[in-house]
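Working notes, beginning with the structure itself.
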Amino acid sequence: MSDIVMELRDVRRTYRIGGGMFGKQRDLHALDGVSLQLRRGEVLALVGESGSGKSTLSRILLGLEAPTSGEVFLDGAPVASIRRRAFAARVQPVFQDPYSSLNPRKTVRQIIEAPLVIAGGVAASERLRRVRELLDILRMPERMLEAYPSQMSGGQRQRVAIARALISRPEIVVCDEPTSALDVSVQAEVLNLLMELRAEFGLTYLFISHDLAVVEYIADRVAVMQSGRLVEVADAEALFAAPAHDYTRRLLASALTVPAESSEA
Ligand SMILES: Nc1ncnc2c1ncn2[C@@H]1O[C@H](COP(=O)(O)OP(=O)(O)OP(=O)(O)O)[C@@H](O)[C@H]1O
Ligand SMILES: [Mg+2]
């Protein structure tokens, strides 16, 4: 088994924007020649200013969007050659907003087991056993099984979204701002859970965050995006200690700007 679990090679993603009565059509290069390797078992954080292409990259990793050009590989195989369902079982998302990502008309049990129902081939009793096991690992009470999303807190909903992502026993979990919609008090709890799950299930994470304190806390490596390109990919410790790229330095500096408490003048 190779050390590289997923890879992007010279991936471009172009959106045609404008046109109509709002002016001329033009191409927006959301990803502009991105090559990136995801190593087995790591937490790779993806940072960069708003609009730099982070979510676009995550959707391409998840197979939700196809690159305009370039290639994506999972365990050395071109993703285009892998069946959709088999791929989905191996690469799963956790999105930012647990309010809009959970179906309000389904119970927790139905939501979590849905990926197994869609994939087929797992008996109802085994599905329920796995749902219970995950609830237990995520420290959610058994009675939550028949609850609806509207009856849960944001933190509980995000746990349900995480359980749904893990039920198919994926290798890779792609998290796009998974804690930024949560109350500060539950952010750390959810982050710690994600890290526990990594050890328990041998997961690899791509983790998008605006919060550099969070990134410093959890990331093994950091990839920095600017205008659709990767400007720096480095070990987290090295990057926070001595960012090589000017853009990274500015990004770190802007996050560390705090109001001056006092001055000696
Ligand atoms: N479906 C789309 N159609 C047209 N343009 C898009 C589409 N999706 C993204 N874009 C554009 O592509 C660029 C990259 O967007 P993306 O959502 O990947 O950025 P991001 O880094 O995730 O930003 P944020 O930090 O705000 O979430 C932006 O200019 C965005 O407006
Ligand atoms: Mg985004």
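Key figures for this structure:
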item: Which numbered condition residue 170 fails, given (1) in contact with a Leu (Cβ under 8 Å, 6 or more places away or on another chain); (2) buried (at least 16 other Cβ atoms within 10 Å of the Cβ); (3) in a helix (DSSP H, G or I); result: (3)
item: Extreme residue, nearest to ligand 2 (Cβ to nearest atom), among residues of region 72-103 that are closer than 15 Å to residue 209 by Cα and not aromatic (Phe, Trp, Tyr); result: 96
item: The one condition in (1) over 30 Å from residue 146 (Cβ atoms); (2) modelled with pLDDT under 95; (3) within 16 Å of ligand 1 (Cβ to nearest atom); (4) not hydrophobic (A, V, I, L, M, F, W, C) that residue 2 fails to fulfil; result: (3)
item: Any hit, region 187-194, residues being in contact with a strand residue (DSSP E or B) (Cβ under 8 Å, 6 or more places away or on another chain) and either surrounded by 15 or more Cβ atoms within 10 Å (Cβ to Cβ) or not in a loop (DSSP other than H, G, I, E, B) (or both); result: yes
item: Selection count where residues are aliphatic (A, V, I, L, M) and in contact (Cβ under 8 Å) with a residue 40 or more places away in the chain, scope region 41-92; result: 14
item: Selected residue (only one of 145, 116, 135, 74 is hydrophobic (A, V, I, L, M, F, W, C) and under 29 Å from residue 27 (Cα atoms)); result: 74
item: Flag if residue 212 is within 16 Å of ligand 1 (Cβ to nearest atom) and within 25 Å of residue 13 (Cα to Cα); result: no
item: Residue in region 54-71 that is more than 14 Å from ligand 2 (Cβ to nearest atom), at pLDDT below 95 and farther than 28 Å from residue 234 by Cβ present; result: no
item: Leading residue by the ranking (farthest from ligand 1 (Cβ to nearest atom)) among those in region 5-53 that are among the basic types (Lys, Arg) and modelled with pLDDT of 95 or more; result: 40
item: Helices (runs of 4 or more DSSP H) wholly inside region 32-120 containing at least 1 residues that are surrounded by 14 or more Cβ atoms within 10 Å (Cβ to Cβ) and under 16 Å from the mean Cα position of the chain (by Cα); result: 54-61, 84-90
item: All positions within region 212-244 that are in a loop (DSSP other than H, G, I, E, B) and either touching a Leu at 6+ places or on another chain (Cβ under 9 Å) or surrounded by 16 or more Cβ atoms within 10 Å (Cβ to Cβ) (or both); result: 219, 220, 228, 243
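The values are calculated or read from the model by the stated rules, or taken from the named source; none is laboratory data. Being a predicted model, the structure only gives us computed values, none of them experimental. Glycine gets a Cβ as well: all are built from the backbone with ideal geometry, and neighbour counts include every protein chain shown.
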